[in-house]
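Here the structure is laid out as structure tokens; the discussion comes afterwards.
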Amino acid sequence: MTAEVITITSGKGGVGKTTCAANIGAALALTGDKVVCIDGDIGLRNLDVVLGLENRIVYDLVDVVEGRCRLRQAMIKDKRIPEFYLIPAAQTRDKTAVSPNDMVELCDRLRPDFDWVVIDCPAGIERGFRNAMAPADQVVVVTNPEISAVRDADRIIGLIEAEEKGPAKLILNRVNFDMVKRGDMLSGDDVVDLLAIELIGVLPDDEQVLVSSNQGIPVVFNEKSKISKAFRNIAGRIKGEEVPFLNLEERNDLLGALGRIFRGSNAK
Amino acid sequence: MFRKKTLSASSAKDRLQFVLVHDRTNLSHQDLNNLKNDLIEVLSRYVPIDRKAINISVEQDGRHQRLLADIPMKTISNRRR
């Protein structure tokens, strides 16, 4: 086994990086792969709460790097999926507690035992970003259909290229398909035209994401939700599978179902 | 109500297109103007050009930028074939 390291980044904060890291990690693990997520946001850790593992933290990333514990001791096993682990960030330190080299070494120690290492990168373009980028084999940029988020994504994509970690792949998060239809929101195609990188997922703006994070259950576990399917498709694309894009514009209610019946197409 | 107004998504796209080119090239609007003036000055030492018809722009080509200069030359009547 030699894990591939995927870094989830965005430039701008608040676009859904941590949600994507949690759910992509979980979705990869749901396919039967061995996955470890690393929270790269030292000082502002959040991946633990989004995954619902906050009560089980004893040691963290900085403890491992500074030799206060063994690597295994800092890995929290998620009991809901067979092979899914989290290495939490330290909360009382800052980004300089870890160097890019430390991250490369840490990932090299993880590689033999896993299929995937998923790193949740902090917002910004400083040390935390460089730490998360150093060990990456694949970089995924998350953005929203909003000018400030797209602009920051472009800047980050440029930096990823400069670090020779490109080409990055793109996830467009929080899309309101009604607004896109009305011409009041940038579409996946618009954003691809602007950023000129491969799109591996379009995620709807779904209330279920907040409900899930309230409960500490990654939304991908809720198999009935469309966004869960979208995350599992993204995991498939990351694994190199050809997965057709979901038709997220289709309504999930009675009218939508009737419409599908009349058009003679089944839901995907 | 008439539906013919500029849709906000397309103005977002246009504005972003403009901003990204400048972010990526580090060329400000002023720089581009200066470049244009310098180009005109150099070129007109060699060929007669129509200043008003010159169009210089930076365009996006995937992740790369392209400096496009459209410089119509003035026709000199006795060289016409």
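The values are calculated or read from the model by the stated rules, or taken from the named source; none is laboratory data. The structure presented is a predicted model; accordingly, all values stated were derived computationally and were not measured. Using ideal geometry, Cβ is built from the backbone for each residue, glycine included, and neighbour counts are taken over all protein chains shown.
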Practice prompt. Would you mind finding the one in A:PRO82, A:PRO145, A:PRO122, A:PRO135 that is out of contact with any Lys or Arg (no Cβ under 6 Å at 6 or more places or on another chain), within 14 Å of chain B (Cβ to nearest Cβ) and not in a helix (DSSP H, G or I)?
Written response: A:PRO145
Worksheet item: With A:ASP193, A:ASP178, A:ASP189 as the choices, which residue is more than 8 Å from chain B (Cβ to nearest Cβ), within 22 Å of B:VAL21 (Cα to Cα) and over 19 Å from the mean Cα position of the chain (by Cα)?
Response: A:ASP189
Worksheet, complete the sentence: Reported set for segment A:148-169 where residues are over 17 Å from A:ALA123 (Cβ atoms), within 12 Å of chain B (Cβ to nearest Cβ) and of a type outside the set (Gly, Ala, Ser) is A:GLU161, A:PRO167
Item to complete: Would you check if A:THR96 is of a type in the set (S, T, N, Q), farther than 25 Å from A:PHE221 by Cβ and part of a helix (DSSP H, G or I)?
Response: yes
Worksheet, complete the sentence: Being within 17 Å of the chain's Cα centre (by Cα), of a type in the set (Lys, Arg) and either under 23 Å from A:LEU194 (Cα atoms) or surrounded by 11 or more Cβ atoms within 10 Å (Cβ to Cβ) (or both) narrows B:LYS52, B:LYS36 down to just B:LYS36
Item to complete: Tell me which of these B:ASP31 doesn't satisfy, since it passes every other one: (1) surrounded by 12 or more Cβ atoms within 10 Å (Cβ to Cβ); (2) within 14 Å of another protein chain (Cβ to nearest Cβ); (3) assigned to a helix (DSSP H, G or I).
Response: (2)
Worksheet item: Of the residues B:SER77, B:SER44, which is at pLDDT below 85, over 29 Å from A:MET179 (Cα atoms) and surrounded by fewer than 15 Cβ atoms within 10 Å (Cβ to Cβ)?
Response: B:SER77
Worksheet item: Within segment A:107-119, can you find the residues that are of a type outside the set (Asp, Glu) and not in a loop (DSSP other than H, G, I, E, B)?
Response: A:CYS107, A:ARG109, A:LEU110, A:ARG111, A:PRO112, A:TRP116, A:VAL117, A:VAL118, A:ILE119
Worksheet, complete the sentence: Flagged in segment B:34-62 as among the small types (Gly, Ala, Ser) and within 14 Å of another protein chain (Cβ to nearest Cβ), in numbering order, are B:GLY62
